[in-house]
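The values are calculated or read from the model by the stated rules, or taken from the named source; none is laboratory data. Because the structure is predicted, anything quoted here is derived from the model rather than measured. Positions of Cβ are generated from backbone atoms using ideal geometry, with glycine treated the same way; all protein chains shown enter the neighbour counts. Note: accessible area is taken over every heavy atom of the protein model, side chains too, but ligands, DNA and RNA are not part of it. Shrake-Rupley method; radii C 1.70, N 1.55, O 1.52, S 1.80 Å.
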Amino acid sequence: MPADGGIGAATPRREDVRFLTGAGNYTDDINMRGQAYVAFLRSDVAHGKLKKVDTGAAAAMPGVIRIFTGEDFEGVGGIPCGWQVTDRHGEPMQEPPQPVLAQGKVRHIGDRIAAVVAESLEQARNAAEAIVVEIEDLPAVVDMKKALEPDATKVHDDLKNNLCYDWVFGSDDAAIEGAFSKAAHVTTLELVNQRLVANPMEPRVAIGDYASHSDESTLYTTSQNPHMIRLLMGAFVLGIPEHKLRVVAPDVGGGFGTKIFHYAEEAFCTFAAKALHRPVKWTSSRSEAFISDAQGRDHVTKIELALDAENNFIGLRTDTLANMGAYLMTVAPAVPTYLHGTLMAGCYRTPAVQVNVRAVFTNTVPVDAYRGAGRPEATYQLERLIDKAARELGADPIALRRQNFVTEFPYTTPVAVQYDTGNYHGTMDVLEKIADIAGFEKRRKDSEARGKLRGFGINCYIEACGLAPSHLVGQLGGRAGFYESATVRVNATGGLVVMTGSHSHGQGHETSFPQVVADMLGIDPSMIELVHGDTSKIPMGMGTYGSRSLSVGGSAIYRATEKIIAKAKKIAAHLMEASEADVELKDGQFSVAGTDKSVAWGDVTLAAYVPHNYPLEDIEPGLEETAFYDPSNFTYPAGAYACEVEVDPDTGKVEIMSFAAADDFGNIINPMIVDGQVHGGIGQGIGQALLENCVYDETGQLLSASFMDYAMPRADDVPFYAVDHSSQTPCTHNPLGVKGCGEAGAIGSPPAVVNAVVDALQSGGHKVDHIDMPVSPARVWAAMNNA
Amino acid sequence: MPQVSMTVNGKPASGEVEGRTLLSTFLRETLGMTGTHVGCDTSQCGACVVHVNGDAVKSCTMFALEAEGADVATIEGQAAADGTLNAIQAAFQEHHGLQCGFCTPGMVMSAAALLKENPKPSEAEVRKYLSGNLCRCTGYHNIVKAIMAASGQDVGAIAAE
Amino acid sequence: MYAFEFERPSTVADAAKALGEEDAQALGGGQTLIPTLKQRLAMPSKLVSLSGIAEIKGVCKADDGALCVGGGTTHATVASEAKADYPALAALAGNIGDPAVRNRGTIGGSIANNDPAACYPSAVLASGATVVTNKREIAADDYFQGLFETALDEGEIVTEVRFPVPEKASYQKFEQPASRFALVGVFVAKYADGVRVAVTGASESGVFRWSEAEAALSSNFAPEALDGMAPPADGMISDLHGSADYRAHLVGVIARRAVAAAS
């Protein structure tokens, strides 16, 4: 194994050089000859009937090429939803259309009324302002509970009401009632998992291009999954077959979920480019992103835990309202259901678990997956609740968790998933060491001497990643396969190109995926190039989300490389006049066991393309293999996190003093990259816990509409993090034994922070048992003064 | 249209601009130097930080015409002519101080300004100095570590955190 | 942004002339104005950049001991050049926004804009400073007239701010977590003839003097003098970052911290 670049090596990233020298190629860096610019006229009211959209004067303004309105998209497909949830009565969810440009109504701040294509961006904006729009204001539906009242205004007139679905999952009523009726103690908590804005640092961009000579459309877009966009936009919106549609996602500046989805702006630019025979470019400003990127979270939950007299968890039930916003984005219905309800058992062997989720339409920007997607919400509810239970029972929060851990695997939960492997005591053991729990009381005294309240918070999370077994997803309403594909092309002189349907937008695939192949072949990783992000170069792909790239995409690469090795051994056997079964591959050299016969990697690859001495009767020339890998189960990363905070009792300000994360990700390919993923997730989790809040007023106006009011975590809001992934139980069902690390930090950190804040306040004698996120200074102060 | 001339990374650069043309737009569109990024419109994210006459500024919050005659330095001019990364760039790579790379040009330019002003900053000083540079990927851990390493400080203890 | 003409004069006289045109607007460091223009919330016919005017840049000391800061002086320059003479003012300037903002933003631009959450207005008001323009001198107490409102006429240029240097002073800021502007900022300045306390960030009417605190501190310049004191919540800003009650409470806390830190 090449220790400096194979599996397990902290190889520095090769992609860094271009990013560090300004040579990255992000979508907005692309400018096409003759391109025109798009400005969208967006609704400034949350809900209204479009009475008139008069583009006459605007169309005559300088530089305007054409103005499009909803009428231009009659007969064109709407933006599709990729997941159909079935409700508790077996009925399909209510699924409203989402037109590319508004037809008849606007349903959220930022809804698209018209699009101006002009010679320059400012000309497009000028004309967009000059469009005369008459809107009859309708009452805005913002609060989810009010949205479900019988006389509530309907977001979509053609639906029965504002309920997308009412979904129940897990144990039956009898099992749940039984557990709660025999409980010695029941702990109840109501909480809000607030709405967030993903805010990847690169705003979205779309460039449509059209070649009339070949009738081919190309879309350059800031996407986490270009093939999915090709499928959704081509098949469902614009009716362009795959071979006439190319989607390119070049360097993408972060995604965090919000760049998974197919957006109307992508369809618009592709459509307009064909209509106008010109490249058409749209670049979102940050302000526009706040009202047009799908947002995340936004759950309101009541959760109850039943315990027996020995503090064993015997029942758990939840009742959640999940905000969908005004339209269903690509995977939105799955987030509060199959990505949330299935994880509600946590790391614990609670025998009865029932989850109820009602998804609600409101006049707000659509909501869909944001880093963790459903799993942070599940973890937050459960782990806040367990902390509250421990406090009510006078139990040690760690001991209470340990007592209820699942310890035998595989373990099938009452919420339908089977954990293949894990060691929750193992990660907790690591955490207790790296968080120096033993030294906490002394640190608390030091803080108190400085007039501060110190708190310690713990959290154990489990998540399901590596989406997903296609047959299972199909049963659950997913409208796609969730495999991944890879092609490994070996060139004549021995170098390789690995093509993957996964997409790297910060994850470092260009470095870590070649590590896998280099390890398998025993060659230097510099001989391997990774290609991703272009549907014209890669057979198929499902993209990057749900911490799936390595466990699914990496496994596809593994399988394709296995095929390469198998064929290369046949060629090597021929060259060495040996039996294929006796050929070994080690350190890039083929040899025959028990002899001194050997041929180099390069001899075999050359023979594959110059087949003069070659077993042409048995195998074809060339050395290129493709594999599609469809996982048989999810993977289940898990871990234990701890946070220490200081609260300033005079101002309510919370400072994170330390943060420790012990994760079990199974096998690790590049520990440096894994650490970085956890760091980033923790940063976002601390952001959710302390700072970030997407707030609408009762009229549906967005109050947190820029970085001036939406608090992003900055360098001085966070400490260095202690992270450790030495506790490893390799995944049992993928060839790499890997689990996925991209979302763990964001899932595991918010409850640890809030638990720590509550602990700090309790230590100061404040009878505060919960504060909703973000735990801002104002909220802490109010809680201290009301309790 | 008015003409603007300046020195960018040591080379003369000029072009026609409007009054409203931002320095970031001039760099990205007129000069085609797309290493400088624009991540917000309220002057907070810092992806657009460049140096003007040696000072870090947000190039999206300065008009190109105000840089008339100025000496401008961008991310494209940080590595040596043969491509060798400078100490800050190298430290960012070694310590994994970047993921998606979008905030990176601004981070590197801010770090360079910091180390010129304060050659051995403490952790707290680095964090404070970066308050105008947002990163959504790294949780800042490895950015802070990389900048401290670039300043010649031993960051081994941080790795063991 | 809407289109506008751009002019960058090198003298105050030329700038004043350029600003005489209808809908012309002065551009200081642009750190607030440019984002405003991007949102198309302003539509000047012409922007007159003050950044090329050497005569309104720099920090110096007047014969009467006052610290004179040119209207076009950046926050970064004040942070370094006022350090010896007026450390509390230098510290305030060195903590506005972020380093890149401080390299462009100017004192004249800040006080001409008079954002209710900006830092500088509190220093000007607490110091009883004099705002010098190309036309006249305006006492701080007359200068600030509410949210984004000042005594400046159309086209009037802040050329200098003269700060009487206090015996002791400190500015403490509790930051709004998103913008990092002041959720509450308090500038306390102790002069031989009394103490002045100016509060920014908190009030719906912009920067204001907290006279009860001034009276208490003038007789006893110690944090304890303000124990239990807070201005009335009535008229305080209430928004998603904090209620009026919370802001009123913070004014008391931050004022005590400013007194404790005063040097």
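Values for this structure:
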read-out: Debye equation applied to the C-alpha atoms of the stretch C:168-261, log10 I(q)/I(0) at 0.16, 0.25 Å⁻¹; value: -0.56, -1.28
read-out: Gain on full stretching of the segment that runs from C:E55 to C:A192 - 0.36 nm per residue minus C-alpha separation; value: 46.1 nm
read-out: Residue-averaged beta-carbon neighbours from other chains (10 angstrom radius) around C:33-46; value: 3
read-out: Computed helical MRE - 222 nm, chain A, DSSP H runs ≥ 4 contributing -39500 (n - 2.57), nearest 500; value: -7500 deg cm²/dmol
read-out: Solvent-accessible area, 1.4 Å probe, carbon plus sulfur percent, for the protein assembly as shown; value: 49 percent
read-out: Chain A, relative contact order [Cα under 8 Å, separation at least 6], %; value: 16 percent
read-out: Helical mean residue ellipticity (222 nm; -39500 (n - 2.57) per DSSP H run of 4+; nearest 500) of chain B; value: -7500 deg cm²/dmol
read-out: Residue-normalised accessible area of the stretch A:257-363, given per residue in Å² at a 1.4 Å probe; value: 17 Å²
read-out: Spacing of the two label points (7 Å from each Cα toward its C-beta) at A:N613 and A:A275, in nm; value: 6.4 nm
read-out: Burial order of peptide ranges B:143-152, A:280-289 (average beta-carbon count within 10 Å, highest first); value: B:143-152, A:280-289
read-out: Calculated FRET efficiency for the pair A:S598/A:I437, C-beta based, R₀ 45 Å, to 0.05; value: 0.25
read-out: Sequence ranges A:184-196, A:219-231, ranked by mean other-Cβ count within 10 angstrom, highest first; value: A:219-231, A:184-196
read-out: Amide H contacts under 5 Å for A:G48, placed H, 5+ residues apart; value: A:V106, A:L138
read-out: Heavy-atom accessible surface that A and C bury in contact, both chains counted, 1.4 Å, Å² to 100; value: 1800 Å²
read-out: Relative pair counts by distance (%), Cα atoms of chain A, 10 Å bins; value: 3, 13, 22, 24, 19, 12, 5, 1, 0
read-out: Ratio Rg/Rh [Cα only; Rh per Kirkwood] for the stretch A:419-526; value: 1.19
read-out: The stretch A:364-416 - Kirkwood radius from inverse mean 1/r over Cα pairs (Å); value: 13.5 Å
read-out: For chain A, share of DSSP beta bridges that run antiparallel, in % to the nearest 5; value: 80 percent
read-out: Inter-centroid distance (Cα atoms) of the stretch C:1-62 relative to the stretch A:339-403, Å; value: 54 Å
read-out: Under the Karplus curve 6.51 cos²θ - 1.76 cosθ + 1.60, θ = phi - 60°, whole-Hz ³J(HN,Hα) for the stretch A:168-176, x wherever Gly or Pro sits; value: 10, 8, x, 5, 6, 4, 4, 5, 5
read-out: Shielding of B:51-60 by partner chains, average beta-carbon count, 10 Å; value: 4
read-out: As computed over the stretch C:49-158, the Cα convex hull volume per residue (Å³); value: 101 Å³
read-out: Relative contact order (%) - criterion: Cα under 8 Å, at least six apart; region: the stretch C:168-261; value: 30 percent
read-out: Cleavage-rule hits, trypsin sites (Lys or Arg not before Pro), the stretch A:701-787, DSSP coil, Cβ neighbours within 10 Å at most 12; value: A:K767
read-out: Potential extension, A:V76-A:T407 segment - 0.36 nm per residue separation minus Cα distance; value: 113.8 nm
read-out: Ordering of C:15-24, A:74-83 by packing [mean C-beta count within 10 Å, highest first]; value: A:74-83, C:15-24
read-out: Total accessible area lost when A and B pair, probe 1.4 Å, Å² to nearest 100; value: 4300 Å²
read-out: MRE, 222 nm, helices only [DSSP H, n ≥ 4, -39500 (n - 2.57), over chain C, to nearest 500]; value: -7500 deg cm²/dmol
read-out: Whole-number Å³ per residue for the convex hull built on Cα positions in chain C; value: 116 Å³
read-out: Hypothetical label at C:R40: residues of the stretch C:1-20 whose amide nitrogen lies under 18 Å (7 Å Cα-Cβ projection); value: C:1-5
read-out: Probe 1.4 Å, accessible area per residue of chain C, Å²; value: 38 Å²
read-out: Protein accessible surface hidden between C and B, which excludes ligands and nucleic acids, total in Å², probe 1.4 Å; value: 2100 Å²
read-out: Amide hydrogen neighbours beyond the local backbone of C:T133, cut-off 5 Å, H modeled; value: C:I138, C:T159
read-out: Diffusion constant of the stretch A:189-258 at 20 °C, which comes from Stokes-Einstein with the Kirkwood Cα-pair radius and 1.002 mPa s, µm²/s; value: 155 µm²/s
read-out: Residue-wise HN-Hα coupling along the stretch A:769-779, computed from phi with Karplus coefficients 6.51, -1.76, 1.60 (Hz; x: Gly, Pro); value: 10, 6, 9, 6, 6, x, 7, 7, x, 5, 5
read-out: Length-normalised contact order of the stretch A:544-678 in % [C-alpha pairs under 8 Å, at least 6 apart]; value: 19 percent
read-out: Neighbour net charge for A:K569 - beta-carbon separation under 10 angstrom, K R +1, D E -1; value: -1
read-out: Label point 7 Å beyond Cα of A:D319 along Cβ direction - residues of the stretch A:131-152 with amide nitrogen under 20 Å; value: A:143-152
read-out: Integer Hz, Karplus 6.51/-1.76/1.60 couplings in order for the stretch A:255-266, x for Gly and Pro; value: x, 6, x, 6, 9, 6, 6, 7, 9, 4, 5, 5
read-out: Per-residue mean of C-beta atoms belonging to partner chains within 10 Å, peptide A:398-411; value: 0
read-out: Exposure rank, largest accessible area first [A:M324, B:M1; 1.4 Å]; value: B:M1, A:M324
read-out: Efficiency of FRET between A:S763 and B:T7 - r from beta-carbon atoms, R0 60 angstrom, step 0.05; value: 0.55
read-out: The stretch B:3-77 - accessible surface per residue (Å², probe 1.4 Å); value: 29 Å²
read-out: Orientation-averaged projected area, Cα convex hull of the stretch A:313-470 (nm²); value: 11.9 nm²
read-out: Amide H contacts of C:V195 (H built 1.01 Å from N, under 5 Å, at least 5 apart or other chain); value: C:S218
